[in-house]
1. Residues that are closer than 23 Å to residue 4 by Cβ and within 10 Å of the ligand (Cβ to nearest atom): find the strands (runs of 3 or more DSSP E) completely inside the stretch 49-102 holding 1 or more of those.
2. Please list, ordered by first then second residue, the pairs with beta carbon atoms under 7 Å, 6 or more apart or interchain, first in the stretch 1-30 and at pLDDT 95 or above, second assigned to a helix (DSSP H, G or I).
3. Name, by its number, the condition in (1) under 19 Å from residue 102 (Cα atoms); (2) among the hydrophobic types (A, V, I, L, M, F, W, C); (3) more than 16 Å from the ligand (Cβ to nearest atom); (4) surrounded by 17 or more Cβ atoms within 10 Å (Cβ to Cβ) that does not hold for residue 42.
4. Is it true that residue 36 is part of a strand (DSSP E or B), of a type outside the set (Phe, Trp, Tyr), away from the ligand (no atom under 16 Å from the Cβ) and buried (at least 17 other Cβ atoms within 10 Å of the Cβ)?
5. Filter the stretch 46-56 down to the residues that are touching a Ser or Thr at 6+ places or on another chain (Cβ under 6 Å) and surrounded by 17 or more Cβ atoms within 10 Å (Cβ to Cβ) and list them by number.
6. Can you tell me which residues in the stretch 79-94 are loosely packed, with under 14 Cβ neighbours inside 10 Å and either of a type in the set (A, V, I, L, M, F, W, C) or more than 30 Å from residue 11 (Cα to Cα) (or both)?
Amino acid sequence: MNWVRVCSRQDLRDGEILSMDVEGRQLMLIAQNGKVYALDRICTHMDADLSMGFLAEGQVTCPLHLSAFRLEDGMALNPPAERPLRRYNVKIDGNDIYVQVV
Ligand code: FES
């Protein structure tokens, strides 16, 4: 159980995607409707950077071939991507946001 502090609450506004590298992993942090999600940011189809993609209600869409991924669990919602994104647990402690890197 390795919790890593990744940023402060004010670094991430609602509706924003924050790109970051944490312990060798390429992640994105997303705030939406008061929740914070941490997912791999490299698309499982052809390595596009999803932090450059489009955020909609409950999902992020790849900028290259438009596969959408669910924020809750990283599930690929439409082709061409088939494999889910890895999702990480997030903890908010006061003003700090932590991601559990396993
Ligand atoms: S690279 Fe993301 S859908 Fe193709």
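The values are calculated or read from the model by the stated rules, or taken from the named source; none is laboratory data. Bear in mind that the values here come from a model prediction, so they are computed numbers and not experimental data. Note that we place each Cβ from the backbone using ideal geometry, even for glycine, and neighbour counts take in every protein chain shown.
1. Filter on the stretch 49-102 gives 68-70.
2. 17/51; 18/11; 19/51; 28/50; 28/51
3. All conditions are met except number (3).
4. Spelling it out, residue 36 is indeed part of a strand (DSSP E or B), of a type outside the set (Phe, Trp, Tyr), away from the ligand (no atom under 16 Å from the Cβ) and buried (at least 17 other Cβ atoms within 10 Å of the Cβ).
5. Filtering the stretch 46-56 down to residues touching a Ser or Thr at 6+ places or on another chain (Cβ under 6 Å) leaves 51, 53-54.
51, 53 - these are the residues of the stretch 46-56 that are touching a Ser or Thr at 6+ places or on another chain (Cβ under 6 Å) and surrounded by 17 or more Cβ atoms within 10 Å (Cβ to Cβ).
6. Result: 79, 82, 92.
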